[in-house]
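Below: one structure, written as structure tokens.
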Amino acid sequence: MSTEPFINCEHVSCTYGNAAVLDDVYMQVNRGEFVGVVGPSGSGKTTLLKAILGTHPVAHGSITMQPKLTLGYVPQVETVDWYFPVTVEEVIVMTRSKSSWWPRISQAERKAVREVLDRLGIGEVANRHIRELSGGQQQRVFLARAMFRNPDILIMDEPTSGVDVRTRHEVLHLLADLHADGLTILLTTHDLNGLAAHLPRLVCLNKRVIADGNPRDVLTPSVLESTYGAPMEVLEHGGMPLVVDHGRVPMRGEGK
Amino acid sequence: MLAFDLFEPYGFEFFQRGIIVATIAGALCGLLGVFVVLRGMSYIGHGLSHAVFGGAAASAVIGINFFVGAGIWGIISGVLIARVARRRVLGADAAIGVVTTASFALGLALMNRYGQASKSIEAVLFGSVLGVKVADIVAVSLVAVFALAVIVAWYRKLLFSTFDPDVAHVSGVNVSVVEVVLLSLLSLTILVTMRVIGTLLISALLVIPAAAARMTSNSFSKLLWISPLIGAVTCFVGMNVSYHLDTSASATIILLDALVFIVVYTVAGTRNRMKMASLGHV
């Protein structure tokens with residue numbers, strides 16, 4: 001078994017036009033890790049994922065991956081066209097586009113789709129149109145699509161963005177189970193308390209890597225202020241760090 | 001007597017050729033129109049038809065074969081649009097606007113400068129479904145068979161790259177190649193149908209049948225036969241109606257397509273409202 005990192009980003013810089021989005025980013029993801037990338041809007045989280053996936057060019061530096069590494073990618077659900085005329089089954093089988101050309105879904109594929117959906121607890125939605133799903137089901141369907149490739153590493157962009165608390169818990173438990181089964185996971189999130197604080201490793205990003213390590217070490221007021229550019233307090237709750245935003249604005253009528 | 005009247009145009013060879021090529025063209029445009037509509041590329045059909053017009057004008061002036069000159073021109077325009085659009089500084093709409101309007105302007109300039117070619121060019125601009133030659137039937141049929149073969153063979157890749165190009169790329173689909181092939185098919189389709197319905201109305205045939213079909217089904221595979229069916233039937237009926245009413249064939253076909261769209265839109269809207277009401281949402 002190779003001991004090389006799955007993904008190795010060395011001095012990576014990316015730009016949009018003349019504007020630098022990532023600057024000299026250094027980060028490794030090793031087999032079996034569960035890594036969360038946090039940072040404010042525009043900090044380069046999604047660009048970093050896109051650079052790793054090869055859909056955004058790297059201006060300087062390099063990103064190397066283990067040979068024949070299979071990636072499973074789950075985009076932000078907000079980017080999905082929910083009116084597109086496809087069923088859940090069709091969405092999942094899409095990932096076999098390279099290995100099979102036959103338009104019709106085979107019995108073997110149908111069985112495999114059912115297995116992956118059952119594993120994620122949504123076996124009953126296979127024949128539904130994607131618009132007919134709840135928020136949690138939508139997230140699971142796109143997770144199922146990524147899992148259908150039997151990936152070595154799962155890459156997710158904001159998996160809990162725009163979902164309610166219950167769905168967030170479902171997603172978190174699901175990812176914890178997949179990680180416990182040996183899957184390597186790299187995700188981005190805005191959700192410091194609901195998701196990031198639960199992960200074994202966090203990378204704080206704001207164009208460059210501000211800090212990288214265990215949430216207990218990384219979620220500190222100084223690191224968070226450097227990352228977000230705003231003062232934050234970190235409390236401890238149930239043995240976990242709890243980030244409190246100091247940007248409280250008094251509401252009209254308050255204090256009268 | 002009525003039956004005799006209905007079949008009267010079939011006694012003319014020009015009508016027989018016209019209706020064959022129009023029906024195949026309708027099915028072909030309907031088939032590719034599914035991708036045009038789902039990719040939000042409605043403007044590209046309009047743009048490419050204008051770009052191909054530039055190639056057609058140049059072919060007529062230089063004196064080379066129409067299909068060769070306009071075909072090469074159309075494919076180059078499609079590839080140029082794809083390349084310019086991929087540079088994130090410009091959006092696809094700007095890329096289409098630059099490439100196709102420049103090409104169209106070149107066509108107009110050539111038409112003005114070399115008057116002797118204007119007849120052929122005007123046929124391309126407005127369509128001449130009743131002046132169809134056997135070569136047109138062969139060309140439309142060949143492109144239709146080729147397009148069908150590509151869509152069957154690349155069904156999954158086309159579906160994936162249409163629905164989610166980023167994830168398709170990550171999953172090993174060469175999205176750029178798929179895009180270029182699709183644009184080339186679109187250019188070829190415009191090339192072989194432009195003399196039937198004309199560049200000015202071709203975008204409607206690429207968009208309306210697929211847009212109407214989209215409202216009838218939530219299945220991508222079903223759209224791929226409903227849309228060509230609407231395209232073929234409206235072209236077939238439109239040709240007959242235009243003969244009997246003595247109206248322009250291309251305008252009649254497009255008006256029929258628009259009528260189908262309005263009917264489907266009304267029925268689908270009523271059906272949706274009834275469904276929502278039954279669920280207690282209204």
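Some notes on this structure:
- Dipole of chain A, positive end: most advanced residue of A:232, A:137, A:63 [Cβ charges, Cα centre]: A:137
- Karplus-based coupling profile of segment A:145-161, in residue order and whole Hz: 4, 5, 5, 4, 8, 6, x, 7, 9, 9, 10, 10, 9, 6, x, 10, 5, with θ = phi - 60° in 6.51 cos²θ - 1.76 cosθ + 1.60 and x standing for Gly or Pro.
- Residues whose placed amide H lies under 5 Å from that of residue A:76, excluding near-sequence neighbours: A:157
- Charge tally around residue B:136: other residues with Cβ under 14 Å, Lys/Arg +1 each, Asp/Glu -1 each, net +2.
- Note on segment A:1-77: with charges restricted to the Cβ of Lys and Arg (+1) and Asp and Glu (-1), its dipole about the Cα centre is near 240 debye.
- Evaluating 6.51 cos²θ - 1.76 cosθ + 1.60 at θ = phi - 60° for every residue in segment A:79-94, the Karplus couplings come out as 8, 7, 7, 6, 8, 4, x, 9, 8, 4, 4, 5, 4, 6, 5, 3 Hz, glycine and proline recorded as x.
- For segment A:153-256, alpha-carbon Rg relative to the globular expectation (2.2 N^0.38 Å, N residues): 1.20
- Under the combined filter of DSSP loop state and at most 16 neighbouring Cβ atoms within 10 Å, segment B:1-57 retains these chymotrypsin sites (Phe, Trp or Tyr not before Pro): B:12.
- With contributions of -39500 (n - 2.57) from each DSSP H run of at least four residues, the per-residue ellipticity at 222 nm computed over chain B stands at -28000 deg cm²/dmol.
- Long-range tail of P(r) for segment A:7-157 (Cα pairs > 18 Å, %): 63
- Residue-by-residue Karplus 3J(HN,Hα) for segment A:53-58, coefficients 6.51, -1.76, 1.60, Hz, glycine and proline x: 6, x, 9, 10, x, 8
- Over all pairs of different C-alpha atoms, segment A:1-70 has a mean inverse distance whose reciprocal, the Kirkwood radius, equals 12.7 Å.
- Assuming charge only on the beta carbon of Lys and Arg (+1) and of Asp and Glu (-1), the dipole of chain B about its Cα centre is about 780 debye to the nearest 20.
- The ellipsoid equivalent to the alpha-carbon distribution of chain A has semi-axes of 32, 24, 18 angstrom, derived from the gyration tensor eigenvalues as √(5λ) and listed largest first.
- In segment A:192-233, one over the average inverse separation of all distinct C-alpha pairs is 10.2 Å, which is the Kirkwood hydrodynamic radius.
- Over 28 Å between alpha carbons, listed pairs A:45/A:111; A:50/A:111; A:111/B:157: A:45/A:111; A:50/A:111
- Rolling a 1.4 Å probe over the protein heavy atoms of segment A:70-151, with every protein chain left in place, gives an accessible area that is 47 percent carbon and sulfur.
- Summarising the amide proton neighbourhood of residue A:23: residues at separation of 5 or more, or on other chains, whose placed amide H is nearer than 5 Å comprise A:14, A:208.
- For segment B:218-263, taking Cα atoms only, Rg and Dmax work out to 11.9, 38 Å respectively.
- Dividing the Cα radius of gyration of segment A:35-92 by 2.2 N^0.38 Å, with N the residue count, gives 1.42.
- Compactness of segment A:70-151, expressed as Rg and Dmax over alpha-carbon positions, Å: 11.8, 31
- Put simply, the C-alpha atoms of segment B:9-276 give a gyration tensor, and the ellipsoid matching it has half-axes of 28, 25, 16 Å, longest first.
- Within-12-Å neighbourhood charge of residue B:166 [Cβ basis; K, R +1; D, E -1]: -1
- The residues of segment A:73-96 occluded by other protein chains by 40 Å² or more of accessible area, set against the chain on its own, are A:73, A:84, A:85, A:90, A:94; surface from heavy atoms, 1.4 Å probe.
- Tail fraction, Cα-Cα pairs, the protein assembly as shown, threshold 31 Å, whole percent: 56
- For the protein assembly as shown, size of Cβ-based charge dipole, Lys and Arg +1, Asp and Glu -1, in debye: 760
- Per-residue [θ]222 nm for chain A (sum of -39500 (n - 2.57) over DSSP H runs n ≥ 4, rounded to 500): -8000 deg cm²/dmol
The values are calculated or read from the model by the stated rules, or taken from the named source; none is laboratory data. Because the structure is predicted, anything quoted here is derived from the model rather than measured. Counting neighbours? That spans all protein chains shown, and the Cβs are built from the backbone with ideal geometry, glycine included. Protein only, heavy atoms only, side chains kept; ligands, DNA and RNA dropped before computing areas. Shrake-Rupley method; radii C 1.70, N 1.55, O 1.52, S 1.80 Å.
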